[in-house]
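What follows is one structure encoded as structure tokens, with my remarks underneath.
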Amino acid sequence: MENDTAGKNLSGFYTKNPVLKNKEFRAYLCLRFGLFFALSMQITTIFYWVYQITNDKLSLGFVGLAEVIPAVGCSLLAGHYVDLSEKRKMVLACVISYVVLGVSLYTLTTPFSFEKLGLHTTLYLIYFLVFVGGVIRSFMGPSLFSLFGLVVADRKLYANGTSWSSMALQLGAVLGPLVAGVMIAIDGVVTGMFAVVFIQILLLFPIIYIKTKPVVKKEQREPILQSLSQGLRFVVKTPALLGAQLLDMFSVLFGGAIALLPVYQKEILHVDEVGFGLLRSAPGVGALITLGILAFFPLKTNPGKKLFAAVAGFALCIITFGLSTNFVLSFAALMFSGMFDAISVVVRGTILQLVTPDHMRGRVASVNTIFISSSNELGDFESGVMAHWLGTVRAVVTGGCITLGVIMVTFFAAPELRKFDFEEDHDKQQ
């Protein structure tokens, strides 16, 4: 009787989430979770490490700048090569590259290396290795995006698949910073960096369960310069996609506050390393809650309007966080910012999957990487510079207010995004 009940429950679960019947997609989720878990641990440890050895807010900004330059600069070229290459092989190459990078960072964190190299040399090497990570990311983003479209073959499952894919990412984003904070509290940054390397090596196993995918090729190969511009032209000529990308880019660019968390931890909220890890994971906790809800109750109506409402909620949460001097309120503000941001991620990701032709997935995803990097890593740099000039609290609050202004302008300037509908667009693609 119990087995029958369990079987019915499992059947009902798969009915609501048909994409999870796909074994390759489950392996893809494991890969995506592990990758972002490791990278979230790594960048959290780097931010904490840099601020501890420099006590300089501007140095935190330079960490973001070091990653955004290659992530933006290499993206178009990366997208071109991803479209010409077998996607599973590209993902495997990126994971191996991350392992080598992780070993290098771990070696740099050891007391022997720091004593031998000194502060300035160590800092410059951190920036260089973060720069290398940005190069790897410029290939990993389009490769994972393209692999998603090949693993989830049925376009009707894209929204469901995007919710679970985003949930895997956010689960990694939640647990990564939290574990990093615990590791730092127990034994400093060395233990944290070692754990990152170990997890990255484990990522080689899920790839085994994903089969080699065919390369989607056009009959006539375009000249490389023409090919590089195709993805950018496609995004510009797709108003709903362009509007969603610009809205996300400018809202996170001005509304991001994650890079300044070490300052809030040490100078404003006065919490320990575990508190820092909790704050860093708070947006992911909120996002995970929202994505869990969306996996069972997906967005079906008025996704464009809900996107604008969600980004407005995100901006208000950032302003609240900027003004808060209470740890619980700060955690709650960051958590709700993650909840609102998760809605944005699902809507934007589904639009991107639905409107992108298979033969252009790498190049369009590379343009998406440029927007994401511009908002996240360049936003980290912007936060560091603004905090250096205006002070930490003023920088965060000002950024949140600018984000509200961006939302108002985009709402009236992008009517196609306001009116976007998943079902209508899916019918057009058939």
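The values are calculated or read from the model by the stated rules, or taken from the named source; none is laboratory data. The structure displayed is predicted, hence computed values, not measured ones. Cβ: placed from backbone, ideal geometry, glycine included. Neighbour counts: every protein chain shown.
So here's what we get for this one:
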item	result
Test result for Leu417, in a helix (DSSP H, G or I), touching a helix residue (DSSP H, G or I) at 6+ places or on another chain (Cβ under 7 Å) and at pLDDT 85 or above	no
Residue within segment 293-300 that is surrounded by 21 or more Cβ atoms within 10 Å (Cβ to Cβ) and either at pLDDT 85 or above or of a type in the set (D, E, K, R) (or both) present	no
Those helices (runs of 4 or more DSSP H) lying entirely in segment 65-146 with at least 1 residues more than 30 Å from Tyr158 (Cα to Cα) and more than 19 Å from the chain's Cα centre (by Cα)	87-109, 111-117
Val345 being modelled with pLDDT of 75 or more, among the hydrophobic types (A, V, I, L, M, F, W, C) and over 28 Å from Val152 (Cβ atoms)	no
Residue within segment 262-271 that is farther than 30 Å from Pro18 by Cβ and free of Cβ contacts under 8 Å to residues at least 40 places away in the same chain present	yes
Qualifying residue in segment 222-232 (condition: farther than 30 Å from Arg418 by Cα, modelled with pLDDT under 75, assigned to a helix (DSSP H, G or I) and among the β-branched types (Val, Ile, Thr))	yes
Where a residue in segment 66-77 is of a type in the set (Ser, Thr, Tyr) and its partner, wherever it lies, is crowded, with 21+ Cβ neighbours inside 10 Å, with Cβ under 6 Å and at least six apart	Ser75/Ser138; Ser75/Ser366; Ser75/Thr369; Ser75/Ile370
Single unsatisfied condition, Leu294 versus (1) closer than 16 Å to Ser165 by Cα; (2) in contact with a Cys (Cβ under 6 Å, 6 or more places away or on another chain)	(2)
Residue within segment 369-380 that is out of contact with any Pro (no Cβ under 9 Å at 6 or more places or on another chain) and part of a loop (DSSP other than H, G, I, E, B) present	no
Selection from segment 273-306 of residues that are over 24 Å from Phe36 (Cα atoms) and of a type outside the set (Lys, Arg)	Phe297, Leu299, Thr301, Asn302, Pro303, Gly304
Selection count, segment 67-87, where residues are buried (at least 24 other Cβ atoms within 10 Å of the Cβ) and either of a type in the set (A, V, I, L, M, F, W, C) or farther than 20 Å from Thr122 by Cα (or both)	8
Val385 being at pLDDT below 85 and either assigned to a helix (DSSP H, G or I) or in contact with a helix residue (DSSP H, G or I) (Cβ under 6 Å, 6 or more places away or on another chain) (or both)	yes
Residues of segment 301-334 classified as surrounded by fewer than 23 Cβ atoms within 10 Å (Cβ to Cβ) and either β-branched (Val, Ile, Thr) or within 15 Å of Leu261 (Cα to Cα) (or both), total	12
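Each row is one residue, and each column tells you yes or no for (1) at pLDDT 85 or above; (2) assigned to a helix (DSSP H, G or I); (3) crowded, with 24+ Cβ neighbours inside 10 Å; (4) among the small types (Gly, Ala, Ser).
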{"residue": "Leu241", "(1), (2), (3), (4)": "no, yes, yes, no"}
{"residue": "Ala244", "(1), (2), (3), (4)": "no, yes, yes, yes"}
{"residue": "Leu253", "(1), (2), (3), (4)": "no, yes, no, no"}
{"residue": "Tyr264", "(1), (2), (3), (4)": "yes, yes, yes, no"}
{"residue": "His270", "(1), (2), (3), (4)": "yes, no, no, no"}
{"residue": "Arg280", "(1), (2), (3), (4)": "no, yes, yes, no"}
{"residue": "Leu288", "(1), (2), (3), (4)": "no, yes, yes, no"}
